[in-house]
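Following: one structure in structure tokens, then a few remarks.
The values are calculated or read from the model by the stated rules, or taken from the named source; none is laboratory data. Keep in mind that what you see is a predicted model, and the values were worked out from it rather than measured. Here the Cβ positions follow ideal geometry from the backbone for every residue, glycine too, while neighbour counts run over all protein chains shown.
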Amino acid sequence: MLKVAEKEFWFVVGSQHLYGEEALRSVKKDAEEMVTALNKSGRMPYPIVLKGLAVTADTITNIMKEANYQDKVAGVITWMHTFSPAKMWIRGTKLLQKPLLHLATQFNESIPWKTIDMDFMNLNQSAHGDREYGFINARLGKQNKIVVGHWKTDRVMSELADWMDVAVAYEESFNIKVARFGDNMRNVGVTEGDKVEAQIQFGWVVDYFGIGDLVQVVDAVTDEEVEALFSEYKQLYDFDYGDYDAATWEAHVKVQARQEIGIRRFLEQGGYNAFTSNFEDLYGLQQLPGLAVQRLMAEGYGFAGEGDWKTAAIDRLMKVMAHNENTGFMEDYTYELAVGKEAILQSHMMEVDPTLAVNKPKIVVSPLSMGDREDPARLVFDGKAGDGVVVSMADFGTHYKLLINEVIAFEPTEPAPHLPVARVLWEVKPGFHEGVHAWIEAGGGHHTVVSLNLTTDQIVTWAKLVGLETTLIK
């Protein structure tokens, strides 16, 4: 399983010396209690580390410089406990290269009307401090996240956790490396794109390899390794022999096992965490990788077919953001147009992500008209139900654009005994006619990444961090 490097978030508390040392001791005590409670809540996906009080410009600047330097730090959370003069924040905020979240909260939930005095007012003036701090972030053009509400509420904890996942994905975006096995599918427009601009804007490294480079690694896999992996398949999946005799069926599945081991080995050796294949570029491979690709996607590798490296990178990015749960590469295939039942059937030639499976997958061997190779093995299953978000990235020549559509996935109710691929069904928002029309009009591609774990807000938050234009269909 691909793992993200250990990450943490720094918690910086805004205040000043104006209110005296006793007030600052109270500020620190409240901050310590807040951070401890957040970490013990079980709601935070990554630990929060209190970095002291930001009471001078030099202190703030040094904290932000250190946050940039420490790879372990995925982002900075700021809280204005008191009024914190914004000019102190200018230098440090300008230097900060990590995601920033402004937590607009205060330690106490309610105003203590029976005891409130000016000491309390001076100490607990987050409403005052938030405006001052918010102004300077707006003036500096920081694409920071703002979360509002009492810090103990479910809403605030949920928004904070969601942002943490986005911030980690933002950092990991600069570690995304895509291996292209072969080039793009011929004559297809949407899979093309400027790789240099993608590296500048998003941090993605995209490298081409001739299919022969992969074939050498696949051919070097031993029979013993293949048999061991095939035994693992027996434990995890149902076997559907169909019309094949057992020996032929198992031989075809073992081809995929050999490819799985070879592709993984190739990716690990090169430090790649996403890849593409192309059924028009298979010289030396016995089959188009299907089961092999699905297994690697389930481990967290980003993938897209037909050489679509942009979608492979987005797939890896969203898998990081979603902790590799219910998230994967998808393709629009065919419509359901019965009135009142309108939906889109999502699938691919074979490579549908098993993290979306609602039932136990079965291994099926079936002919594939594309690629002119042996009948390949693949996992077949039905997709889960749930609210989701679908994205597609396109290069419009002058800039990249990300299309976002919210969907409602549902489990298929009709059997499809002759369909030898996994299937996912969903309805699009705000409605089928409006949603499909808007997607096509905006230039949305047929290759997408869907997640039933992420939200539109998380995708938009990441897009703002990298200066990516978005078109939201909802």
For the range 216-238, give me each residue that is touching a helix residue (DSSP H, G or I) at 6+ places or on another chain (Cβ under 8 Å) and in contact (Cβ under 8 Å) with a residue 40 or more places away in the chain.
V217, V218, D219, A220, V221, Y233
Within the range 350-359, count every residue that is part of a loop (DSSP other than H, G, I, E, B) and surrounded by 21 or more Cβ atoms within 10 Å (Cβ to Cβ).
4
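Okay, residues lined up against (1) β-branched (V, I, T); (2) in a helix (DSSP H, G or I); (3) in contact (Cβ under 8 Å) with a residue 12 or more places away in the chain:
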{"position": "E260", "(1), (2), (3)": "no, yes, yes"}
{"position": "L267", "(1), (2), (3)": "no, yes, yes"}
{"position": "F275", "(1), (2), (3)": "no, no, yes"}
{"position": "E280", "(1), (2), (3)": "no, no, yes"}
{"position": "Q286", "(1), (2), (3)": "no, no, yes"}
{"position": "P289", "(1), (2), (3)": "no, no, yes"}
{"position": "R295", "(1), (2), (3)": "no, yes, yes"}
{"position": "K341", "(1), (2), (3)": "no, no, no"}
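Return yes when W79 is closer than 24 Å to E109 by Cα, crowded, with 18+ Cβ neighbours inside 10 Å and touching a Lys or Arg at 6+ places or on another chain (Cβ under 8 Å) and no when it is not. Lay out the reasoning, then the answer.
Numbers: closer than 24 Å to E109 by Cα: yes; crowded, with 18+ Cβ neighbours inside 10 Å: yes; touching a Lys or Arg at 6+ places or on another chain (Cβ under 8 Å): no.
No: the conditions fail for W79.
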Does V55 satisfy the condition of being surrounded by 15 or more Cβ atoms within 10 Å (Cβ to Cβ) and either closer than 23 Å to W462 by Cα or within 31 Å of the chain's Cα centre (by Cα) (or both)?
no
Counting only residues that are hydroxyl-bearing (S, T, Y) and in a loop (DSSP other than H, G, I, E, B), which one in the range 360-398 is nearest to the chain's Cα centre (by Cα)?
T398
If you scan the range 84-112, which residues turn out to be crowded, with 18+ Cβ neighbours inside 10 Å and part of a loop (DSSP other than H, G, I, E, B)?
S84, L96, K98, P99, T105, Q106, F107
Among (1) among the aliphatic types (A, V, I, L, M); (2) within 22 Å of G444 (Cβ to Cβ); (3) at pLDDT below 95, which single condition is A274 missing?
(3)
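Filter the range 326-339 down to the residues that are part of a loop (DSSP other than H, G, I, E, B) and either touching a helix residue (DSSP H, G or I) at 6+ places or on another chain (Cβ under 7 Å) or within 29 Å of T248 (Cβ to Cβ) (or both) and list them by number.
N326
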Has the range 308-324 got at least one residue that is on the phi < 0 side of the Ramachandran plot, touching a Lys or Arg at 6+ places or on another chain (Cβ under 6 Å) and among the hydrophobic types (A, V, I, L, M, F, W, C)?
yes
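Residue by residue, here is whether (1) in contact with a helix residue (DSSP H, G or I) (Cβ under 9 Å, 6 or more places away or on another chain); (2) under 22 Å from E299 (Cβ atoms) holds:
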residue	(1), (2)
E351	yes, yes
N359	no, yes
V365	yes, no
F396	no, no
K401	no, no
Looking at this structure, is K310 of a type in the set (K, R), buried (at least 24 other Cβ atoms within 10 Å of the Cβ) and in contact with a helix residue (DSSP H, G or I) (Cβ under 8 Å, 6 or more places away or on another chain)?
yes
Residues in the range 12-50 that are surrounded by 20 or more Cβ atoms within 10 Å (Cβ to Cβ), within 22 Å of N68 (Cα to Cα) and out of contact with any Leu (no Cβ under 6 Å at 6 or more places or on another chain): how many?
2
Only one of H437, H433 that is free of Cβ contacts under 8 Å to residues at least 12 places away in the same chain, over 15 Å from the mean Cα position of the chain (by Cα), assigned to a helix (DSSP H, G or I) and farther than 23 Å from A161 by Cα:
H437
What number of residues within the range 63-105 satisfy the criterion of being without any contact (Cβ under 8 Å) to a residue 40 or more places away in the chain and either out of contact with any helix residue (DSSP H, G or I) (no Cβ under 8 Å at 6 or more places or on another chain) or not assigned by TED's automatic domain parsing to the domain that holds L123 (or both)?
3
Top-ranked residue in the range 3-28 [being modelled with pLDDT under 80 and part of a loop (DSSP other than H, G, I, E, B); ranked as nearest to P45 (Cα to Cα)]:
Q16
Only one of these is crowded, with 24+ Cβ neighbours inside 10 Å, assigned by TED's automatic domain parsing to the domain that holds P361 and closer than 26 Å to A357 by Cα: G262, G290. Name it.
G290
T115 versus (1) farther than 30 Å from I459 by Cβ; (2) not in a loop (DSSP other than H, G, I, E, B): which is the lone unmet condition?
(2)
Subset of the range 297-309 [acidic (D, E) and assigned to a loop (DSSP other than H, G, I, E, B)]:
E306, D308
Please go through the range 199-232 and give me each residue that is in contact with a Lys or Arg (Cβ under 7 Å, 6 or more places away or on another chain) and either hydrophobic (A, V, I, L, M, F, W, C) or at pLDDT below 95 (or both), ordered by number.
V205, V206, F209, V217, V218, V221, V226, F230
